[in-house]
Amino acid sequence: MSAWDNERVLASLDRIALALTTPIAVLALLRIAPGLSGHPFDALEAYSGWALASAWVALGYAITRRRPALAMLAAPGALVHAGLIAQLVVAPSARADDDGLVLRVATANLYAGNPRPDALASELAALDVDVLALEELTPRWREVLGEHGVLARFPHRVIDDRDDCFGIALLSRVPMDATIEDLAGVPMIDARLTTSAGPLRVLAVHTIPPLGPDAADWNAQIALLARLASSSREPTIVTGDLNASPFGRGYRALIDAGLRGAHESAGRGLATTWPNGARLLPPMRLDHVLVSRGIGVREVREGRGEGSDHRPVIATLTVR
């Protein structure tokens, strides 16, 4: 290839890089613009951690090629991406108290159409947890969990099994008073646990996805959860499938309400739970254990979640 042909190829690459970087720059500016919410922006934000990562590739290319205009276009995306990652890896921790009450909490989206319910039920039966929140609990799932002895392990139970994707349950070894409340169109369990460390509030949740016309309802659900958490007098745990990516503003609204992610507190802010191999989509964390002041985090991990498009989350907490 002649020098002339080589320059033509590089010039073409420059144009391609410019074309690909422009929408990333627009996304970065939208990501920091105030007041944006609703479809399709909530869904875009969920993937912003992945999309904005490409800005680093563009920035590296621009520096190598000495293209200052391209570098200036890529820089906002790289900076916004760095800020998003920093929020997850250097977040203030909810430190565990060695003298506090140890409480093990798990949440699992069962997937209403799970083709292998027995495998996931066996996994849940083997968990050594004090509190278990379940989402997408259908009547058939209730039967399977009963057959595997999961329900019998928790003497305190609130169960709302449904034929749609919003059946929910909260199972506890700890005495609790619980009610099923309306979370802007879907059921939510609001429970007060009686522990040796004092009363503890648990909100078990499965929000709708922020897609299409449902995005406004999802924002309303997140806003209601934030208000409940910020006004709660007891130490509070919010857990379940929130359909909220840590890169999105909905998740940040919950953090701003005084909650802390168990994953971030345990130094695992980049962990993911969905789509668990069910779809060819970039993975993200939609399932959460969020804690308020007075609750520390010792560790958090993800389960297998066989047959479900979500992996369970298991957190070891301390209450003081």
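The values are calculated or read from the model by the stated rules, or taken from the named source; none is laboratory data. A quick note: this is a predicted structure, and the numbers were derived from the prediction, not measured. With ideal geometry, Cβ positions are generated from the backbone for all residues, glycine too; neighbour counts draw on all protein chains shown.
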* To do: State whether the residues of segment 91-100 include one that is at pLDDT 85 or above and among the basic types (Lys, Arg).
  => no
* Asked: Say we look at segment 164-215 and pick out the residues that are in contact with a Gly (Cβ under 7 Å, 6 or more places away or on another chain) and closer than 17 Å to Ile295 by Cβ; which of these is surrounded by the most Cβ atoms within 10 Å (Cβ to Cβ)?
  -> Val205
* Asked: Just a yes or no: is a residue in segment 126-146 among the charged types (D, E, K, R) and within 25 Å of Pro210 (Cβ to Cβ)?
  -> yes
* To do: Just name the residue that is modelled with the lowest pLDDT out of those in segment 1-46 that are surrounded by 16 or more Cβ atoms within 10 Å (Cβ to Cβ) and polar (S, T, N, Q).
  => Ser37
* Is at least one residue of segment 207-223 under 15 Å from Leu254 (Cα atoms), in contact with a helix residue (DSSP H, G or I) (Cβ under 7 Å, 6 or more places away or on another chain), free of Cβ contacts under 8 Å to residues at least 40 places away in the same chain and of a type in the set (Val, Ile, Thr)? -> yes
* Asked: Within segment 124-143, is even one residue in a helix (DSSP H, G or I), crowded, with 19+ Cβ neighbours inside 10 Å and in contact (Cβ under 8 Å) with a residue 40 or more places away in the chain?
  -> yes
* If we scan segment 307-315, do we find a residue that is among the aliphatic types (A, V, I, L, M), modelled with pLDDT under 95 and in the same structural domain as Thr107 (by TED's automatic domain parsing)? -> no
* So which of Ala169, Ala178 is more than 29 Å from Ala43 (Cβ to Cβ) and in a strand (DSSP E or B)? -> Ala178
* Structure fact -> Reported set for segment 48-81 where residues are within 19 Å of the chain's Cα centre (by Cα), part of a helix (DSSP H, G or I) and under 13 Å from Ile32 (Cβ atoms) is Ser48, His81
* **Leading residue by the ranking (nearest to Ala220 (Cα to Cα)) among those in segment 172-203 that are in contact with a helix residue (DSSP H, G or I) (Cβ under 9 Å, 6 or more places away or on another chain) and of a type outside the set (Asp, Glu)** => Ala184
* Members of segment 51-72 that are in contact (Cβ under 8 Å) with a residue 40 or more places away in the chain and in contact with a Lys or Arg (Cβ under 9 Å, 6 or more places away or on another chain) -> Tyr61
* Structure fact -> Selection over segment 212-267 where residues are in a helix (DSSP H, G or I), of a type in the set (Lys, Arg) and at pLDDT 95 or above yields a count of 1
